[in-house]
Amino acid sequence: MTTEATENPCAYDPEKYVPNMGLRDGRVNEIRSFFHVKPGHEKAIREQVVEFSNMPGRRTLRVNQKVGAHTQVLTLFDNDTRFLFGVDFDTDWDPYIEDSVGLAGIERYWLWWQHLEEFGAYSLDNMPSMEEAKFLMNVSRATAIVHVNAFPHLTVADKAKQDELWNAFQKVVNDPEGAKALQENPALAPLLDLAAD
Amino acid sequence: MDILLALLCHGEAIAGSWSGLDQAMGGPRALLHLASNRAIRADYGEGDVNVDTDARTLELEDIQNGALHPRPSPYFAVYILLRIDVPAAGRELLRRLQPRLASATHPTDPEKQAWVSVGLTFQGLKALGVPQASLASFPQAFREGMAARAESLGDVGRSAPEHWEAPLGSPDVHIAISAISPDADRLAALIDQARMAYTQVAGIEAIWRQDAYALEHERTSFGFKDSISHPAIEGSGIPGTNPKEAPYKAGEFLLGYPDETGSLPPMPQPDVLGRNGTFLVFRKLHTNVAEFREYIRAQGRDRADEELLAAKMVGRWPSGAPLVLAPERDDPELGADPKRNNDFLYKTEDPRGLKCPLGAHARRMNPRDADIIGIQRLHRIIRRSTSYGPMLPDGVMEDDGEDRGIIFVGAATHLERQFEFLKTQWVDDGVFIGAPDELDPLVGAADGEGQFTIPQRPIRRRLNNLPAFVVNRGGEYCFIPSLSALRWLSELDT
């Protein structure tokens, strides 16, 4: 990870790429990439990042399932001179970065990449390729030394399914006929126990 | 604003797409987004299935025919691996092979249905004396070779390199010559010509050979018709087999052209070496047919149920009829009809896998427009696999000791993003379909502990304790140079 901005800290060099980064907790992996905000770009990056994350659909389960993302935390710190891109997700990091960027489109990521010193070699007319963007995320990242997830065995899809199951279960319990069936069939004992509260 | 409201009223299909609001907002940013990501949005079913009239023209006259051409039907094939002992000999061999290599022009010409292809491994490029700067420009996966990446690829246990058939996986594998033809006579003629080239050059040794041929009804040793699905590639002149699928950017399969992300894939240098070439994945996969039959027999309630279970694992019936179009029983007429047997998608026709399970082999290999983690179009390969060895006779449940299986051949420009992703994320993992505990039931690296869910009403069915039915006996990554590159290589003076 580059903790200090250097003259050209992020010149594309595939040899410097470190694969399989990220600390897993069960099924859930993490990425935390730390960037430097270009002087004078603090307000713009704040606005663009919020717009980037507030687009309709971005907060839907469907898109999060498609990206495999549990959480996304984007933070400005050190008087808005530094930017943290943090995501917790289901898959290995390296294979899916092209998918994650590709889903939104590299031009959309450019909305806030353009305000970062690490992307200083690029411009609207000279966008980074997918390999170059992946490299920059990689060299800017620090792997966690501790990663604790409340439900490390659950993927986003698992959570969606369990949410669905819970809602369906509530409907059964709320239905007098459903409640009766739970009580009368010994095979449903595990569910009956859950219906108690 | 009216457009925005209309889009939002269309619900999830648009709300789930980041591009929806951008389109609504219009403007140059949206147009830029549309232009570069048009193909990727095809993943959401918004793609343009018509051939892109702005498609960059491919330099077909420079591309080896085998790099693009689908496998003939039926087929006879031979794969020969050679070792270069003297660099000049390797170059001389390439010079002699050049007149025997057809280009990718006129793909429908009957003459083009049979061909010889030449590929080189990284060790082979070194043995030829390719300059170090050029060698360093090849992608890391190719430079390391398949054996060195075995663990990350899931080639462990019985599929680990220490069990591979010699010389596969060794640094002695330098040049790969393959020939394929719809008939045995033409194949023999092609191979005779190639053999003349390498037997007459001292300093070249043939170290391995594998014959392959279409089994009865063009089915694999498991008894299922294969190689039905082939993508359309912009500018190739070769149509795809699914009219509902938008053509792929040529850069997914050929170097020097934009790929699905809009970028040029990293290309070996100099330009003449990399351009119009591609990478080929080669794996000799032994199939445990008897074990497969035994497993199905043990799980099935009766013969019809056994056939259904096997089809659910594969994603198609033995005839090739897809489960999505024939969910309850085989339809040989459908299976044999190339105009219909691949004309389907998943999202609207079978979103929950009630016809074709989400984890079925064919659905994993090409999820089409199904809801998965990621973008399917970034991970497609051209498969050109063949069968080797005799069929285990019908009804035989015990292994007869014969070597039989599949010569897996796949072409792609991004070894990691395409083949290795397919193997590690879609075959040996199930997170992408919401089934983290499940592997590909047919070719996944299970080992007695595999699980496979068959969605069905009223209650889903689950198969347990799936063994591994496929063992990797060895493989390698090959670079398939253009015809210009082969000339350049043959004229090296290092």
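The values are calculated or read from the model by the stated rules, or taken from the named source; none is laboratory data. Source: prediction; values computed, not measured. Cβ: placed from backbone, ideal geometry, glycine included. Neighbour counts: every protein chain shown. Ligands, DNA and RNA are stripped out before the accessible areas are found, and what is left, the full protein with its side chains, is counted by its heavy atoms. Shrake-Rupley method; radii C 1.70, N 1.55, O 1.52, S 1.80 Å.
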task = Confirm whether B:Ala435 is at the interface with chain A (Cβ under 10 Å from one of its Cβ atoms) and not in a strand (DSSP E or B).
result = yes
request  = Answer yes or no as to whether A:Val156 is closer than 30 Å to A:Phe89 by Cβ and either at pLDDT 95 or above or in contact with a helix residue (DSSP H, G or I) (Cβ under 9 Å, 6 or more places away or on another chain) (or both).
outcome  = yes
query = Of all residues in region A:153-174 being at the interface with another protein chain (Cβ under 9 Å from one of its Cβ atoms) and open to solvent by 60 Å² or more (accessible area, probe 1.4 Å), which is farthest from A:Ala195 (Cα to Cα)?
reply = A:His153
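Going through B:Ala148, B:Ala197, B:Ala188, B:Ala166 one at a time, which residue ends up being assigned to a loop (DSSP other than H, G, I, E, B) and over 20 Å from the mean Cα position of the chain (by Cα)?
After ruling out the rest, the residue left standing is B:Ala166.
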message = With the requirement that a residue be within 14 Å of chain B (Cβ to nearest Cβ), touching a residue at least 24 places away in the same chain (Cβ under 8 Å) and more than 18 Å from the chain's Cα centre (by Cα), what does region A:70-113 give you?
response = none
query = Only one residue in B:Pro139, B:Pro131, B:Pro161 is out of contact with any Lys or Arg (no Cβ under 9 Å at 6 or more places or on another chain) and farther than 30 Å from B:Ala446 by Cα, so which one is that?
reply = B:Pro131
request  = Among what's in region B:338-384 and is of a type in the set (A, V, I, L, M) and in a helix (DSSP H, G or I), pick the residue that is farthest from the other protein chains (Cβ to nearest Cβ).
outcome  = B:Ala362
key: Checklist (1) part of a loop (DSSP other than H, G, I, E, B); (2) open to solvent by 40 Å² or more (accessible area, probe 1.4 Å) applied to B:Asn464, failing item   = (1)
note = Filtering region B:356-386 down to residues that are more than 18 Å from B:Met313 (Cβ to Cβ) and hydroxyl-bearing (Ser, Thr, Tyr) yields B:Thr386
query = Among the candidates A:Glu15, A:Glu42, A:Glu47, A:Glu118, which residue alone is buried (at least 20 other Cβ atoms within 10 Å of the Cβ) and either without any contact (Cβ under 8 Å) to a residue 24 or more places away in the chain or within 23 Å of A:Ala142 (Cβ to Cβ) (or both)?
reply = A:Glu118
